[in-house]
Structures are given as structure tokens and as C-alpha cells.
Amino acid sequence: MKEKLEAMKNEALEAISKANDSSSLNDIRVRYLGKSGEMTLLMRGLGNVSKEERPILGKMFNDVRGEIESALESKTSIIVEQEKQARLLAEDIDVTLPSTFEGFGTLHPLSKTKKEIVDTFLEMGFTVDEGPEIETDMFNFQLLNVPKDHPAREMQDTFYVGDEMVLRTQTSSMQARIMTTQKPPIRVIIPGKVYRSDDDVSHSPIFHQIEGLAVDKHITMGDLQGCLEAFAEKVFSKDTKVRLRPSYFPFTEPSVEVDVTCSVCHGKGCSVCKHTGWVEILGAGVVNPVVLDMCGIDSKEYSGFAFGLGVERIAMIKYGIPNIKLLYENDVRFLKQFDK
Ligand code: PHE
């Protein structure tokens with residue numbers, strides 16, 4: 001029995017010394033020390049040996065088990081370390097190599113312009129609202145004093161999507177929506193997309209407007225002018241002047257078109273302002289009392305002003321962009337110029 005035990009021990013130690021990965025070490029453990037391994041099989045023979053010999057052999061078994069276990073243990077730690085080193089080598093990363101950084105994205109010039117305008121009016125105490133782009137004829141036209149056969153419909157080339165439904169041609173539709181549902185005082189701006197059948201270097205069939213509406217007691221054209229002056233100074237530059245020219249819109253009376261001194265040449269005259277020193281930026285006016293009354297606000301008690309501006313137009317003037325299409329092509333070489 002002693003010889004068998006000795007032979008088994010040598011066999012196991014040799015196998016351990018030859019093993020070179022953790023899974024074969026595990027196989028060796030199972031084969032020699034496992035529940036039905038060789039050690040267990042040999043121990044069964046202990047029942048047949050004499051009483052005197054039994055404790056001596058028992059101690060030998062324990063010693064052999066201990067020897068095999070510690071050999072396994074030390075070999076395991078060597079192999080685990082080797083395997084770790086091999087893995088680190090295989091996954092080698094050179095953290096000192098220069099990176100392939102692609103740069104951060106930035107706001108699109110239209111988003112940037114819109115944000116600046118909205119922020120300016122927020123500072124003046126306006127709130128921001130939004131509304132549907134598929135609009136009823138009622139809100140887009142009729143409640144704004146443009147009945148079905150009115151010649152003013154010709155001013156805007158409308159996309160009809162049904163007898164009574166249009167793609168809104170102006171964010172002014174939201175004036176009607178707000179005035180029919182809210183009580184004064186009202187101070188709101190409405191940014192949004194609008195649609196017109198129009199397409200050239202300064203027009204696109206889909207573009208962005210920002211509508212402004214203030215309704216309260218004693219609101220006058222002077223309030224409109226003050227508001228627009230503050231807006232122009234903030235969005236263009238401190239020295240920007242504002243000029244109101246008489247105009248016509250069915251929903252404002254009186255109506256004005258608003259010009260600012262050209263931000264490219266500061267009024268001296270250049271190609272952007274067609275050598276006039278002024279550029280038109282928006283339409284506005286005092287809310288027509290007829291509209292107030294149609295929307296359920298008493299025109300004897302309240303008055304208001306409204307304006308509507310094109311975001312593309314403001315961006316084109318501000319940055320000297322010659323063609324509206326540049327704003328939609330998303331050519332990175334163009335967009336990068338606003339990366340500041
Ligand atoms: N809705 C007009 C347009 O799109 C602009 C406007 C808005 C004019 C509000 C007066 C008052 O041309």
C-alpha cells in the first residue's frame with residue numbers, strides 16, 4: 001500500500017509540474033484528490049490493514065494529500081500570474097498614442113439665432129408657446145380678419161390640405177388660438193415652422209417664424225417700438241437703429257414693416273442692404289380691434305401689438321449669408337464657421 005501511495009504521489013507531482021494552464025491543474029485535482037479520485041480509491045484499502053499499521057498509514061495519506069495540495073496551490077498561483085501577463089500583452093493599448101478626436105457638434109445657425117431671439121424676449125417677460133403646423137383655415141385666416149374671398153389671401157401662397165385645413169402660412173395663427181383661449185394680460189412669443197409655395201435664394205417652402213403678441217390695457221405702437229429696439233440691440237448690436245414704415249396686414253391696424261440699420265455695413269451701404277443702409281426684418285402692428293373682438297377680447301378695454309419675424313432672414317442678415325439654401329444643406333464646411 002505504501003508503495004502504491006508513493007507511486008501515486010510521484011505521478012501526481014510530476015503531472016503538476018508538467019501542467020501549463022489552470023484547466024489542466026483542475027483536472028489533476030479532480031483526478032487525484034476528488035471524491036472518486038485515486039486517493040479515495042486507495043484509502044478504501046485502509047480497512048484491510050492491521051490496527052497498528054492503520055494510524056501510520058493514515059498519517060501518510062494525510063501527508064501525501066497535503067503535499068499534493070500545496071504543489072497544486074503554488075503551481076496555480078504561478079499559472080494564474082502567467083495567464084494574466086499573457087492577457088495583458090494581448091490586450092495591449094498604447095495610451096500615449098494621439099487620439100482621433102472628431103470635435104464637438106454645435107448648434108445650427110438657425111437654432112442659434114432662434115435661441116438668441118427667444119432668450120431676448122424671455123428677458124423682457126414674454127412666455128413661449130407652440131402650436132400646430134397643420135392648421136384650420138379659421139385660425140390661419142378667418143379669425144385674423146382674412147375671410148374666404150379676401151384679396152390678402154394672395155399675399156401668401158398657401159398649401160391647402162383640405163377645404164378647411166392648411167399648412168399654416170404664418171405663426172400668426174397662434175395669435176388667434178391664444179386670444180380665443182386666454183385672458184389679457186398676454187405677453188407671448190411663438191417660434192415655429194411655416195409653409196408657403198415659394199422658392200428662390202431668399203425663400204424656402206418651409207421656413208421658421210417667431211410671432212410676438214402682447215395684449216393688455218393701454219398698449220400702443222410706442223410699446224411695440226420700444227420692444228423691437230431692445231430686441232434689435234440685443235440680437236444685432238448696440239448701435240442698431242430701428243425704423244417703422246407704414247404697411248398693410250389685415251390683422252394689424254395700423255401696420256408697419258420694420259427695418260434695422262444693416263449689421264454688415266452699419267448703415268453705410270453694402271450688397272446685403274442693397275446700398276440703402278437698411279434691411280427689413282419683420283412685419284408688425286397694433287392688433288386690429290376687429291380681430292380682438294372676433295377672438296372674444298373687448299377692444300374697448302384692451303389693445304395689443306403683434307409682430308412676426310423670419311428666423312432665416314435674421315440669420316442671413318446677421319451672418320451675411322447670401323443664399324437661404326445654405327441653411328438647409330448641412331454642409332459641414334459651412335456649419336463649421338459658426339463653431340465659436
Ligand atoms: N404674419 C405676417 C407674415 O407672415 C407677419 C406679421 C405678424 C405682421 C404679426 C403683423 C403682425 O407676413
* Structure fact -> Those residues of segment 300-340 which are under 30 Å from ILE178 (Cα atoms), within 16 Å of the ligand (Cβ to nearest atom) and either aliphatic (A, V, I, L, M) or not in a helix (DSSP H, G or I) (or both) amount to SER303, GLY304, PHE305, ALA306, PHE307, GLY308, LEU309, GLY310, VAL311, ILE314
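So for segment 262-279 (the condition being in a strand (DSSP E or B) and on the phi < 0 side of the Ramachandran plot), does at least one residue qualify?
The answer is yes, given that some residue of segment 262-279 is in a strand (DSSP E or B) and on the phi < 0 side of the Ramachandran plot.
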* **Positions within segment 191-213 being within 14 Å of the ligand (Cβ to nearest atom), assigned to a strand (DSSP E or B) and modelled with pLDDT under 95, in sequence order** => HIS203
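Here is a check on your reading of the model: is THR136 buried (at least 16 other Cβ atoms within 10 Å of the Cβ) and within 15 Å of the ligand (Cβ to nearest atom)?
No: the conditions fail for THR136.
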* Asked: With respect to LEU292, is the statement that it is within 16 Å of the ligand (Cβ to nearest atom), part of a strand (DSSP E or B) and of a type in the set (A, V, I, L, M) true?
  -> no
* Tell me which residues, restricted to segment 165-188, are within 11 Å of the ligand (Cβ to nearest atom) and outside any helix (DSSP H, G or I). => ARG168, THR169, GLN170, THR171, SER172
* Say whether the condition of being closer than 30 Å to GLN142 by Cβ, in contact (Cβ under 8 Å) with a residue 24 or more places away in the chain and either in contact with a Ser or Thr (Cβ under 6 Å, 6 or more places away or on another chain) or within 16 Å of the ligand (Cβ to nearest atom) (or both) is met by at least one residue in segment 264-276. => no
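Residues checked against (1) more than 24 Å from the chain's Cα centre (by Cα); (2) at pLDDT 90 or above:
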residue	(1), (2)
LYS274	yes, no
ILE281	yes, yes
ALA284	yes, yes
VAL290	yes, yes
SER299	yes, yes
GLY320	yes, no
LEU326	no, yes
ASN330	no, yes
ASP339	no, no
* If you scan segment 114-156, which residues turn out to be small (Gly, Ala, Ser) and either within 15 Å of ARG177 (Cα to Cα) or not assigned by TED's automatic domain parsing to the domain that holds GLU233 (or both)? -> GLY131
* Asked: Within segment 182-220, restricting attention to residues that are more than 23 Å from GLY125 (Cβ to Cβ) and of a type in the set (Gly, Ala, Ser), which residue is surrounded by the fewest Cβ atoms within 10 Å (Cβ to Cβ)?
  -> SER197
* Asked: How many residues are in contact (Cβ under 8 Å) with a residue 24 or more places away in the chain, over 15 Å from ILE68 (Cα atoms) and part of a loop (DSSP other than H, G, I, E, B) if we restrict to segment 1-54?
  -> 4
* **Flag for THR252 being of a type in the set (Ser, Thr, Tyr), surrounded by 15 or more Cβ atoms within 10 Å (Cβ to Cβ) and either closer than 18 Å to LEU292 by Cα or within 14 Å of the ligand (Cβ to nearest atom) (or both)** => yes
* Mind checking which residues of segment 118-153 are of a type in the set (Lys, Arg) and either at pLDDT 95 or above or not in a helix (DSSP H, G or I) (or both)? -> LYS148
* Structure fact -> When segment 154-164 is checked residue by residue, the ones that are within 11 Å of the ligand (Cβ to nearest atom) and in a loop (DSSP other than H, G, I, E, B) are GLN156
* Asked: So which pairs qualify, if the first residue must be in segment 221-249 and buried (at least 17 other Cβ atoms within 10 Å of the Cβ), the second must be part of a helix (DSSP H, G or I) and among the β-branched types (Val, Ile, Thr), the Cβ gap must be under 8 Å, and the two must be at least 6 apart or on different chains?
  -> PHE231/ILE117; PHE231/THR120; LYS234/THR120; VAL235/THR113; VAL235/ILE117; VAL235/THR120; VAL235/ILE314; PHE236/ILE317
* Would segment 301-316 turn up any residue that is in the same structural domain as ARG168 (by TED's automatic domain parsing), within 27 Å of LEU213 (Cβ to Cβ) and exposed (fewer than 15 other Cβ atoms within 10 Å of the Cβ)? -> yes
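The values are calculated or read from the model by the stated rules, or taken from the named source; none is laboratory data. Bear in mind the structure is a predicted one, so any value in this text is a computation, not a measurement. Cβ atoms come from the backbone with ideal geometry, glycine included; neighbour counts cover every protein chain shown.
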